[in-house]
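Here's the structure we're looking at; comments come further down.
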Amino acid sequence: MTRDVNNPFSPFTGRRCPEGADEGYRQPPTSALPLTCLPASSPRKRGEDSWPPAAAPFLGFARLLRRHAFPIAPEQVTGFMQAVTLLGPRSMNDIREAALATLAPSPDRRSEFEAHFHAHFYGDAKPSIEGEENDETRIKDDRGTREEENQIARKEKGGELSSVLEQLSSRDFQRDPDGLGSFRRKLAGSLPARRSFRTVRTRSRGTLDLRRSLSEIVSADGDIPSPLLRRRQTVSRKLLLLIDVSGSMKLHTADYLKLAHAAVQGADHAEVFTFGTRLTRVTSALRIRDREQALARAAALVDDWDGGTRMGPSLLAFLSVPRFSSFARGAAVVILSDALERGDHAALETAIRRLSARAFRLSLATPLAGDPRFQPVTAALRAILPVLDDLVDGSSLASLTDFILSLACPAPAAAAIWKRVS
């Protein structure tokens, strides 16, 4: 194997050619890059062995970023290698600029990217990324292993329980009379409807069914019968319930799960998620017809009962999973939470805006609105109020069921209503 030591492209542009393929080729054109020919008997290796040893640090840096959840495609790694080759490189700053240009870290993770770069290429200690543990929102999709339960006693009440710290616990639901039977029976016919792309046969008020009409003409030997019509089906929109199970909502989560069970049993298409410090899909558990069994299964799925509150990151985690975010597209979305977001509310505002863009109707039901003195004066509520379609009382099952059954009725935007109230 021969390499041109004066060619900076040589370490990364090795190519295979048969033995003797360059015989008789005395003077290649000056514009063509010199190629490295490997013996034909040399086997082609896949993966890491096919790269020259000089490429190992750059491949290792890409793997390091992937381990820390940086979205890096294989094409970006290849572009990073080619950029380093074109730059020489003459200094470590060239490698850094090539990495920034090709691997393209998001602006909010730029400092983390720099820390990993120095740790990998300069041999610094493992970087300590501020908020790395707290900012990660775990997602549980109706299955998974239970983690060790945390049985710390909670004595605070109301908004004092709102925290970003994760605390894992379990929940038992008491058996009580079912007052949601009427709601369950009325729900399917009360949800907003939309026109489906599927069609059904109709006797009037439809479009001509050309295929069936032609078939009838052929079977009738050319006679023209009455025209056959079809129309688009009308189906109920999906219902998506996002339930806050943090410590500040511990007095209401039991009722909310009972309401969610009735919604899953009564609606044609309903999805239920819980969030606190984690995001958990509990729809499959609530499909069990017996309510006590369904709630027990849901209680076993959710690990973050009565813990901290990360509403913004949890909703962003919901939107980051394509299958989950598709549940919100064209759906009536109801968030059952007090919206007591601790710290910066930028993530919550971003998530609510993105959720509103997907949903047919986005509503926030907060138990705080049950107090006649309630006003949306917190920074988080003021930021998301212009985006919400509804901000309603979520302090009782009666008010919630009445609101959900009225979702098909038009109503003024939440900002307009609360502007008049205040």
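The values are calculated or read from the model by the stated rules, or taken from the named source; none is laboratory data. Remember, it's a predicted structure, so these values are computed and weren't measured experimentally. Cβ coordinates were reconstructed from backbone atoms using ideal geometry, including for glycine residues, and neighbour counts include every protein chain displayed. Calculation scope for accessible area: heavy atoms of the full protein, side chains included, ligands and nucleic acids excluded. Shrake-Rupley method; radii C 1.70, N 1.55, O 1.52, S 1.80 Å.
The figures follow:
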item: Which listed residue is among the hydroxyl-bearing types (Ser, Thr, Tyr) and open to solvent by 10 Å² or more (accessible area, probe 1.4 Å), from Ser284, Ser314; result: Ser284
item: Residue within the range 339-347 that is free of Cβ contacts under 8 Å to residues at least 40 places away in the same chain, open to solvent by 40 Å² or more (accessible area, probe 1.4 Å) and in a loop (DSSP other than H, G, I, E, B) present; result: yes
item: Odd one out for Arg289 among (1) within 25 Å of Gly181 (Cβ to Cβ); (2) of a type outside the set (Phe, Trp, Tyr); (3) open to solvent by 10 Å² or more (accessible area, probe 1.4 Å); (4) touching a residue at least 60 places away in the same chain (Cβ under 8 Å); result: (4)
item: Count of the range 105-133 residues which are surrounded by 11 or more Cβ atoms within 10 Å (Cβ to Cβ) and either at pLDDT 80 or above or not in a loop (DSSP other than H, G, I, E, B) (or both); result: 14
item: Residue list for the range 360-383, filter: among the small types (Gly, Ala, Ser) and either in a strand (DSSP E or B) or crowded, with 16+ Cβ neighbours inside 10 Å (or both); result: Ser363, Ala365, Ala369, Ala380, Ala383
item: Number of the exception - Pro386 against (1) open to solvent by 30 Å² or more (accessible area, probe 1.4 Å); (2) over 26 Å from the mean Cα position of the chain (by Cα); (3) of a type outside the set (D, E, K, R); result: (2)
item: When residues of the range 38-59 are limited to those that are part of a helix (DSSP H, G or I) and surrounded by 12 or more Cβ atoms within 10 Å (Cβ to Cβ), the one modelled with the lowest pLDDT; result: Ala54
item: Single match in Ser325, Ser320 (criterion: free of Cβ contacts under 8 Å to residues at least 40 places away in the same chain, in contact with a Lys or Arg (Cβ under 7 Å, 6 or more places away or on another chain), of a type in the set (Gly, Ala, Ser) and closer than 19 Å to Leu279 by Cα); result: Ser325
item: Among the candidates Phe80, Phe70, residue that is open to solvent by less than 50 Å² (accessible area, probe 1.4 Å) and part of a helix (DSSP H, G or I); result: Phe80
item: Among (1) more than 23 Å from Val321 (Cβ to Cβ); (2) within 31 Å of the chain's Cα centre (by Cα); (3) of a type in the set (Val, Ile, Thr) - the single one Ile72 does not satisfy; result: (1)
item: Per-region count, the range 309-337, residues farther than 22 Å from Leu400 by Cβ and of a type in the set (S, T, N, Q); result: 3
item: Set Ser395, Ser399, Ser325, Ser356: member being under 18 Å from Ile243 (Cα atoms), hydroxyl-bearing (Ser, Thr, Tyr) and not in a helix (DSSP H, G or I); result: Ser395
